[in-house]
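Asks: Quick one: the structure is below, questions incoming.
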Amino acid sequence: MLKRISAYNLAGVLLLLSWAVPHGILWIDLDDHLFWLFNAWISPENPHWADLLAVLNSRAFDAISFGILVLLFTLAMRRDTREDRVRHWTAIGVTMLITAGIVALITNEAISYGHPSPTRFFEHAARLTDIVSIPTKDSDANSFPGDHGLMLMVFAGFMLRFADRCIAGWSLAFVVLLSAPRILVGAHWFSDVYIGALSIALLLLPWVLCTPMAEGLTRAIRQSLPRLPLRH
């Protein structure tokens, strides 16, 4: 158990060190290159691409993203063969929400560093909101760490711990797919997600998922649910 936690934590520390020393030059170059690569496509000459990006970064698509996670969660529950699977997965869901809240709280309280999104950092960057009429998000005053990506990683971590390989694999795929729109539009740097969010996930989640903590809290919550009208 401790070996697994140490391995994940070491990966998180090394990831942070690769960003901080020496001055994160490799990640800075990658961030700049990827931003300008994607930003070049945000133009009135590519109206269909601009509209698609606007939709993918809208509040409506955030709701769709949440729906995708709910669907994966439901599939994970249905593929479970135990008799009390509804009660069991309800308890997992509550444990996951508690963990996500604590991770968000620790992140907000412990991390004082922040920086603006690339669309705010670069004065001459193309802004999606200047091109489309669809209400959308293309910038952030503080985009580090990528909170959207971090919550996706919390979900994927729980699926890796409790679901089968198929659901876990899809959960990992959706971390990439559902966090990509923010990067494509310039609301986040690449490193906001794959340095900031990923390093936090590697440092914090193993202490919940690789120890008896998640299983114990899930068991305690499940035992508190017998009077609810839950059927297998």
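Here, each number is a calculation from the coordinates, and none is a lab measurement. Everything quoted here is computed from the prediction, not taken from an experiment. All Cβ positions, even for glycine, are placed from backbone atoms using ideal geometry, and neighbour counts span all protein chains on display.
Asks: Among 101, 212, 116, pick out the residue whose Cα is farthest towards the positive end of the charge dipole of the chain, where Lys and Arg carry +1 and Asp and Glu carry -1 on C-beta, about the Cα centre.
Replies: 212
Asks: What's the exposure ranking of 183, 68, going from fewest to most Cβ atoms within 10 Å?
Replies: By the 10 Å Cβ count, ascending, the order reads 68, 183.
Asks: Okay, helix-only estimate at 222 nm for the chain: each DSSP H run of n ≥ 4 adds -39500 (n - 2.57), divide by all residues, round to 500 deg cm²/dmol; what do you get?
Replies: Details: 11 runs with 154 residues, N = 232.
So the helix-based figure for the chain works out to -21500 deg cm²/dmol.
Asks: Evaluate the distance, in nm, between pseudo-label points positioned 7 Å from the Cα of residue 141 and of residue 26 along their respective Cα→Cβ axes.
Replies: 3.4
Asks: Can I ask one more? For segment 2-223, give the magnitude of the charge dipole about the Cα centre (Cβ charges: +1 Lys/Arg, -1 Asp/Glu; no others), in debye to the nearest 20.
Replies: In total the dipole reaches around 1100 debye.
Asks: Related question: Which listed residue (136, 75, 40) has the Cα farthest towards the positive end of the charge dipole for the chain, taking +1 on Lys and Arg C-beta and -1 on Asp and Glu C-beta about the Cα centre?
Replies: 75
Asks: I need the per residue convex hull volume for segment 29-149, using only the alpha carbons, in cubic angstrom as a whole number.
Replies: 145
Asks: Another question, then. Please find, in a Gaussian network model of the chain (springs between Cα atoms separated by less than 10 Å), the residue of 63, 104, 11 whose mean-square fluctuation is greatest.
Replies: Of 63, 104, 11, the Gaussian network model singles out 63 as fluctuating most.
Asks: For the chain, what percent of Cα pairs sit more than 23 Å apart?
Replies: Numbers: 14401 of 26796 pairs.
Roughly 54 percent, rounded to a whole number.
Asks: A further question follows. Taking Rh as the Kirkwood radius, which is the inverse of the mean 1/r over Cα pairs, what is the Rg/Rh value for segment 107-232?
Replies: Rounded to two decimals, Rg/Rh equals 1.10.
Asks: Using a 7 Å offset from the Cα along the Cα-to-Cβ direction at both residue 75 and residue 219, what is the distance between the two label points in nm, to one decimal?
Replies: With each label placed 7 Å out from Cα toward Cβ, I get 3.0 nm.
Asks: Another one. What list do you get for 138, 80 if you sort them by fewest beta carbons within 10 Å?
Replies: Values: 138 25, 80 19.
Ranking 138, 80 by Cβ neighbours within 10 Å, fewest first, gives 80, 138.
Asks: If you don't mind, another one. Using the Cβ atoms and a cut-off under 15 Å, what net charge is assigned to the surroundings of residue 55, where Lys and Arg are +1 and Asp and Glu are -1?
Replies: Spelling it out: positives minus negatives among the neighbours equals 0.
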